[in-house]
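Scroll down for the structure; my scribbles are underneath it.
Please treat every number below as a calculation from the coordinates, not as lab data. From a predicted model like this one, the values you see are computed outputs, not experimental measurements. With ideal geometry, Cβ positions are generated from the backbone for all residues, glycine too; neighbour counts draw on all protein chains shown.
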Amino acid sequence: MCTIDLSPADEADPDEILELLRCSYGQLLARDHPVELVGKALPVMCEPVPRLLRGAHYVLARRQGHVVGMGGWSRETPFGRPGVDGLGHVRHLAVHPKALRSGVGRAIFGWIVGTAQAAQVTRLSCLSTQGAVPFFAAMGMQAQGDVLLHLGPGVSLPAMQMCWQG
């Protein structure tokens, strides 16, 4: 198996990041949701990346020079509200479908936890798609309850509120 190289996402081409998100979310969401819903949700889920890259901690995962995953965390909530001391929010953790179950997601989550703890964050919150709940549970996050993620007029996606405490 090839080595996973992690590097700050702010050094990356935003188009490369958006392409990874579209590919990952597009294919993985399609497993659990109707194509029409995925088509409406995808532009909204990928849209905020440039703003978040400026104000959060993000990393890209590469194998043999190819981006195979990304993820990060922020103090700001996913809805743009100011953060609370000690609490961070996992944001846009995505793995290319061809790299699933190869350690990429685990490496990214480990980086998120390590950098968050170094910044005095003791709890991480995540709004997980239904398909990603088993991954986050395997990383030690606890399911807090079902939520409906309102992404825009007429676009809502079932999700799970999850929490990790270090």
Notebook entry, point to check: Considering amide H positions built from the backbone, and no H for Pro or chain starts, which residues 5 or more places from L60, or on another chain, come under 5 Å of its amide H?
Noted result: S7, A9
Next item on the list: Determine, at each q value in 0.13, 0.14, 0.15 (inverse angstroms), the log₁₀ of I(q)/I(0) that the Debye formula gives when each Cα of the chain is one equal point scatterer.
Entry: -0.58, -0.68, -0.80
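What is the antiparallel percent of DSSP beta bridges lying wholly in the chain, to the nearest 5?
Numbers: 32 of 35 bridges.
Counting only bridges with both partners in the chain, antiparallel ones make up about 90 percent.
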Item checked: Net charge dipole size for the stretch 1-133 [Lys, Arg +1 and Asp, Glu -1 on Cβ; Debye, nearest 20] -> 360
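Would you please name the chymotrypsin sites (Phe, Trp or Tyr not before Pro) within the stretch 75-118 that are DSSP coil residues with at most 10 other C-beta atoms within 10 Å of their C-beta?
Values: sites: F79, F109, W111; in loops: F79.
Sites meeting the loop and neighbour criteria: F79.
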Item checked: Percent RCO, i.e. relative contact order, over the stretch 5-122, from Cα pairs under 8 Å lying at least 6 residues apart -> 27
Check: So for the pair D13, L148, with labels modelled 7 Å out along Cα→Cβ, what separation do we get in nm?
Finding: 4.0
Checklist line | Nearest-0.05 FRET efficiency for Q165 and T3, computed from C-beta distance (R0 22 Å) | finding: 0.15
Checklist line | Karplus-derived HN-Hα couplings along the stretch 109-119 (A = 6.51, B = -1.76, C = 1.60, θ = phi - 60°), whole Hz, x at Gly and Pro | finding: 4, x, 5, 4, 4, x, 6, 5, 5, 5, 9
